[in-house]
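A short write-up of the structure that comes next.
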Amino acid sequence: MTFSCEICGTEIEGRAEYIAVDRSKLRVCKACVRYGTVVVVEAAQPKAKVETILSVGGEQAQLAKLAKSKKRLYEQMDYEIEEGMEIVENYGRLIKEAREKAGLKQAELAQKINEKHSLLRKIEHEEILPTDDVQRKIERILKISL
């Protein structure tokens, strides 16, 4: 079975080398080994492979630390999204009723809050959630609480 180098594209003669470049593992020729960190693939079990990265001090620890920080970042993002979704049910109906009570058309309210008419229409039809900024502007103009 012949392979092509995943960097330069030449056909690999003999045994392929494996390197790590950032978080990717590439099969390369002997000439392209210098572009990454050599990865040794050992047969641990007949069907499974174990990868050992040969590098100068603690690259695996750095990767573990990076993975942990990314996990915390994603957890924080999920929390912020959930917190940002705190808006009353039927917010579209409430906005429409308050707008009509104030004697405003959608286009007029959109102009007052400096947003597009189509955005306000989608919010009133509850197709999208308003951002915090847009929500505050609507609340201020219509004197309601969402």
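The values are calculated or read from the model by the stated rules, or taken from the named source; none is laboratory data. All values derive from a computational prediction rather than experimental measurement. Cβ coordinates were reconstructed from backbone atoms using ideal geometry, including for glycine residues, and neighbour counts include every protein chain displayed.
A few points about this structure:
- Tabulated pairs, region 125-137, first at positive phi, second surrounded by 13 or more Cβ atoms within 10 Å (Cβ to Cβ) and not aromatic (F, W, Y), C-beta under 7 angstrom, 6+ apart or interchain: E126/G92
- In summary, helices (runs of 4 or more DSSP H) completely within region 87-146 and bearing 1 or more residues that are loosely packed, with under 14 Cβ neighbours inside 10 Å and modelled with pLDDT under 90 occur at 132-142.
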